[in-house]
Amino acid sequence: MSLLSPANAIKIESLRCLRIEHVSNECSKCIDLCPTEAIGLSTSRRISLDSTKCVGCMACIGVCPTETFVYPDFDPAVFVLQTGIKKDITLSCKNNNACLGIFNSEYFISLGLRHDSVNCDMSLCSECDMNLSGKISVTIEEHINEANRFLQAVDKPSIAISKEQNKLSRREALFSFVKDVNTLRNEESFDELFDPKESLPKSRTVFQNSLKLAIEELPPKPILEKFSFISHKQIDFISCDNCGDCIQFCPTKALQYNSDKTKILFQPLRCIACGICDDVCKPKAISSDSVFDVVTLAFNRAELLIEHHFEVCSECRVSFPQKGNETICARCESFVQDHSDLFGLARDM
C-alpha cells in the first residue's frame, strides 16, 4: 500500500524532464529505479506515472536530475534548510523523516556541509515492502557514498550509515514529519528563496547556499573527483565552429555567449551533467574533466571556455571563426575541395 493518499500523490512537472529538452536524450533513471514499474513513457515520449502502481517510495524524486517529480507535502530542499547548522542529526524514515530515497547526492552533501555529523538510519530498508530487490536502498547508499567523496575532498566528516533494527512506525513518523515541514514552510517562507522561473534545480540552490555557509572552513584546493550530478566542461578551440547548439540546448543555462557571441562562458555550478551539450556538438569539441574549485561553485563564477576571432570569408562574405590565417570559411573550403571540377576553365575541359 502506498504511503501517499490520492490527494497528495507525486506530481510530474513534465516540462522539466530532460527528454523534453532534447529529442535524443535517453535519460531513464526514474524508469530504471521504480520498484513497481509505475513510471514509463507516453506515445509522445513524455514521462508518465501510473498512480495505481505507485507505492509512494519517492525515490524518483531523489534520482531525477531536474526535479521532474514533486511531492507537494514534502520538499527536501525545505527539509535541508530547516535542519539549521552545526548539529548532530539523524536521518531516518522512522524518525520524523521520509524515505531517504527522496534525497539526491547534493542534498546529502548539503547536510554534511551544514552539520557537525550526519547519520543515516537505514535499519528498516531490508524489511521495507517498497524496497523490492533492494533497488532503492542500493541507490540511497550510492548517493551517500558519492556525497562522502565530495565531503572527504573538502575535509568534512563523512556521513555515517547505520542498519540497527528499530520497530518505530514508519507511516506515523512520515505524516508527522510532513505536518512539521508544512508548518515550517509557512512560518519561515522558505519558498521565497527559490525563483519559480529559475531553471536550476532546488537541490543545486541549496548546495550553493551550503557551500557559502562553510566556505571559510573549506580548504583552498581543487577537487579532483568525478561526480554524477555535475561536470566541468572544456571546449577544443580547433574543433569548435561556434554554432551555438550547446548554448541553445543547455537546460540550466550553464553555457552562455557574451554580448557579441565571440566568447563562450561556463558556470560550473549550473551544470547538472546531463550530457546534452556533448550530444548536440557536431564536431565533438566539448569534453569534461574532473577539476572543481569550491569558491567558483559557491559564488557561481563564470569561466571563459573559448574565445573566437571572426574573419569575413573571401568567398561567401559571411563571417566565420578564424583558427589561423585562413581567409575562407570551412563550408566554402569543403565545397571547393569536393567540387573542384566545377571551377575549371572551359579550355581545360
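Throughout, read-outs are computed from the coordinates displayed, never taken from laboratory work. In this text, all values refer to a predicted model and were calculated from it rather than measured experimentally. Positions of Cβ are generated from backbone atoms using ideal geometry, with glycine treated the same way; all protein chains shown enter the neighbour counts.
Rounded to the nearest 0.05, the FRET efficiency derived from the C-beta distance between Arg317 and Ser133 at R0 = 56 Å is 0.35.
Remark on Thr90: its backbone amide H falls under 5 Å from those of Asn119, a criterion applied only to residues 5 or more positions apart or on other chains, H modelled at 1.01 Å from N. Approximating the spin labels as points 7 Å out from Cα along Cα→Cβ, the Glu326-to-Tyr257 distance works out to 2.0 nm. Where only DSSP H runs of four or more residues are counted, the chain gives -8500 deg cm²/dmol as its mean residue ellipticity at 222 nm, each run worth -39500 (n - 2.57). For segment 87-143 and segment 52-76, what is the separation of their C-alpha centers, rounded to whole Å? When both Cα centres are located, 14 Å separates them.
Each semi-axis of the equivalent ellipsoid for the chain is √(5λ) with λ an eigenvalue of the Cα gyration tensor; in descending order they amount to 46, 24, 17 Å.
Our coupling estimate for segment 117-133, obtained by passing each phi through the Karplus curve with A = 6.51, B = -1.76, C = 1.60 and θ = phi - 60°, is 8, 10, 10, 9, 8, 10, 5, 9, 4, 5, 9, 6, 6, 8, 8, 5, 6 Hz, Gly and Pro reported as x. Could you let me know the centre-to-centre spacing of segment 242-260 and segment 212-229, using Cα atoms, in angstrom? A separation of 26 Å, based on Cα centres.
Under the rule a/c < 1.5 gives rounded, and otherwise a/b versus b/c splits prolate from oblate, where does segment 50-146 land using the Cα gyration tensor? Prolate, since a/c reaches 1.5 and a/b exceeds b/c. Legend: distances between Cα atoms for Lys233/Lys282; Lys197/Lys253; Lys156/Lys202; Lys261/Lys323; Lys156/Lys221; pairs beyond 18 Å are Lys156/Lys202. Computed FRET efficiency, Cβ-Cβ of Ser334 and Asp32, R0 30 Å: what is it to the nearest 0.05? About 0.10, to the nearest 0.05. The antiparallel fraction among DSSP beta bridges confined to the chain stands at about 75%. For a test of the definition: using alpha carbon positions, the gyration tensor, and the 1.5 limit on a/c, classify segment 232-307 as rounded, prolate or oblate. Here segment 232-307 falls in the prolate category.
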